[in-house]
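Structure first, then comments.
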Amino acid sequence: MINDIIVKNVATYDNSDHLIANLKKLNFFYGTNGSGKTTISRIINSPFNYKDSTIQWENNRPLNCMVYNKDFIRKNFQQSSNIPGVFTLGEDSIENQQRIKELQQSLTVQQKEKSEILNGIVEIELPQEQLKQKEDLKESFFDLFWKAKEDLDKTAIDIYLQGFKGSKQKFFEKVLEESHKSKSQLKGKSQLLSEQEEYDDAKKRELPIINLIHAETINAIEKAKILSEIIVGKDNTVISGLINKLNNSPWVNQGREYLSHSDGKCPFCQQELPEGFLQKIEDYFDFTYEEKIKELKRLLDDYQKQVVDIDEKLTGILDKYPDSILDKNQLQAKKSELDKILQHNTTFMKEKVAMPTIENKIQQSKGIIQGINTILTESNSTIIAQNERARNFNKEKIKSEVWRYVVDFLKSDIKRYVQQVSELEKTQKEQIRNLQKINKEITTTEQLLQQEEKKKTSVLPTIKKINTVLKQFGFTNFKLDKTADGNNYKIVRMDGSDVGDTLSEGEVSFVTFLYFFFLLQGRNEKSDFNIEEEAVVVFDDPVSSLDNNILFIVATLIRSLFGKMISKDTDYYVKQLFVLTHNIYFFHELTNFQGIAALNKKNKKGKGNKNVAYYIIKKVNGQSTIVSYDDNPIKTIYQVLWEQVKNAEKNIQDGNIREIDLIGLPNVLRRIVEYYFKILGALSTEGVIKQLPEETRIYARSLLMYLNTSSHGFMDETIDIIPDIELIRQYLKIFKSIFYSTGNEAHYDMMMGYREDE
């Protein structure tokens, strides 16, 4: 992927570093015509042509770049000088046409020679009575060969004759085939049957390897130092001496639970306790004492889990594996011995929790577990050997040996049949050799022709795909057809007539876009396009000169790439995508739909996004600048402003508006005009007015003056601007006319909800 691009000293970019940083998988650029978009696409396509501009690749690993721009259209879409309306798509197709033509001529000559040889074979064909003799000869051997099949019927190895037991002719032809290629060892029928029986038995006896007992945890617990420790309370307390002397700290600890409920009396003798006695008890059983008790309980819990796990594993092994594999008596004896140790240790640890001062009585289980694992390891050796015998039985090998047996069974009949047929076909052998030679030459020529065809764009598959897209989206201006030679494209109207010179610039752009789009699909579909490298794809103003219905098709097709690129389940070869456009509606179509939210995920800190980046390119005073945005710059506040206009218009039409509700609407209209024409279009308010028809300029100027007065004007206690509803209604009409008169009606309709918006 491209991480950063520096644009410098080229076209409308000055000598400063214009940094395009933090590029993502999906990158959207908006800029008016002439702002500097194509310069960026050209730098990506051919960075070595721009010495002052640089591209920083991820891990310094450049990828293949596929760029759709005006240069691509000129390079790949050429009108034929000989046949009007015929176009050749793809650079390679222009260069290799001559080589393809030469190979096709050679193939024609070779196929003619083959036809002559075949005619010669027909001419010297055996007389009719000899042909009948040949067929009679074959049929006479059907029954002879069939005896071999009957010899194996209803035996364990007749399964290897499947597919040939229902037809004498098929069986006959299979025997002849095997007689030419069979090289398997010859074995008798009884040996084959025994081999099959051994194979079936071995498959039934395959067993999984036994997992050994892992006792690292249980051994560590048994060696824990705390089990050998005599756990008592704090030594330097007032009462520690007496408790330690009597060795009754567990008994005292149990009594602690009753002290808080005894109202200052001894819970046993009911006498008044000395002052501070309870605190002295608590001082003795300090934090360290409690933590040690917790540690003992944790060890006990872990140990009991290990005991259950080992018991379940050993019980399962004893139940699953047969005596032939496992010495069950020996394993059961070891298990019983282990069970006693584990039970003893569990009982001691429970006592240690209750009486922390008792001495260590733990018995080590490591040795007995090692003995158990030794038994299991011996069993695994037996299992491995048995399974290996099963795997050594190759079913295909047995099948080959069965057919070798059949061939040997019929060897005298086969030899006799071959000799008799050879005599009948002797006169044809020379021509057959000639036929084999020419077939080999034809195969070689066809392979060379296929290689050359793969170097150029495939015609018919692309015609089908592009026409399908046109039909699906209801586009009826033109379609693709193949030329008379079947090698090139011909663009025709729906009635089949050639477009000639009537193809518009927009139509040229659209068909070339479709060609480029399906070129991208070729790699995954294993088509003749077959792009072999990971790629960065750039769409530079793909909707230039296109009307709105084609614009929607283009946007839909490009959006279909997004999910493939981001998906973790699919290794899609397009690793990064750039879209540059001057069309704000097209920008909106690409960046404002339900699926973009899943692609534009925030990182763990809630900043930026993982997959999508936005940029606006502006040209001010003849110099281009590039501004990056963390979020879509053409959707947030701008859309909210339009929502206010939509609601005002609707409420006025419905009669549900109050004059007071219209305060602030002039400011909204001003901000929309400024944002769309000045910020995005680099066009001043006066510049907007100059593009309007002369008869509407005065009304538009009045509107803009009113907007500025109402939005920027001074308001105090004596001035309270409350818009007149009829005046607002009039200026809403003028506001609409500004967009329509400047050719931006599609944007107005979209933002007002007059056309469907995803």
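The values are calculated or read from the model by the stated rules, or taken from the named source; none is laboratory data. Small disclaimer: the values here were computed from a predicted structure and weren't measured. Please note: Cβ atoms are built from the backbone with ideal geometry, for glycine as well, and neighbour counts cover all protein chains shown.
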* For the stretch 82-96, does any single residue satisfy the condition of being surrounded by 14 or more Cβ atoms within 10 Å (Cβ to Cβ), modelled with pLDDT of 70 or more and not hydroxyl-bearing (Ser, Thr, Tyr)? -> no
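Conditions (1) touching a Phe, Trp or Tyr at 6+ places or on another chain (Cβ under 9 Å); (2) at pLDDT 80 or above, marked per residue:
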position	(1), (2)
THR625	yes, yes
SER628	yes, yes
LYS635	no, no
GLU643	no, no
GLU674	no, no
PHE677	no, no
SER684	yes, no
ASN708	no, no
query = Does ASP323 fit the bill of being modelled with pLDDT under 95 and assigned to a loop (DSSP other than H, G, I, E, B)?
reply = yes
What about SER412, is it of a type in the set (Ser, Thr, Tyr), loosely packed, with under 15 Cβ neighbours inside 10 Å, in a helix (DSSP H, G or I) and modelled with pLDDT of 85 or more? no
The condition of being modelled with pLDDT under 75 and of a type in the set (Ser, Thr, Tyr) holds, among SER179, SER194, only for SER194
Subset of the stretch 303-350, residues surrounded by fewer than 18 Cβ atoms within 10 Å (Cβ to Cβ) and polar (S, T, N, Q), comes to GLN304, THR315, SER324, ASN329, GLN330, GLN332, SER336, GLN343, THR346, THR347
Taking the stretch 49-77 and keeping residues modelled with pLDDT of 90 or more and of a type in the set (Phe, Trp, Tyr) leaves TYR50, TRP57, TYR68
Output for Cβ contacts, cut-off 7 Å, separation at least six or different chains, first residue outside any helix (DSSP H, G or I) in the stretch 497-509, second buried (at least 16 other Cβ atoms within 10 Å of the Cβ) and modelled with pLDDT under 70, reads ASP498/GLY85; VAL499/GLY85; GLY500/GLY85
Selection from the stretch 56-69 of residues crowded, with 17+ Cβ neighbours inside 10 Å and either without any contact (Cβ under 8 Å) to a residue 24 or more places away in the chain or more than 15 Å from VAL537 (Cα to Cα) (or both) yields none
Q) Given the structure, is ARG404 more than 57 Å from the chain's Cα centre (by Cα), in a helix (DSSP H, G or I) and either within 30 Å of GLN191 (Cα to Cα) or modelled with pLDDT of 75 or more (or both)? A) no
Exception for SER567 within (1) exposed (fewer than 15 other Cβ atoms within 10 Å of the Cβ); (2) among the small types (Gly, Ala, Ser); (3) modelled with pLDDT of 75 or more falls at (3)
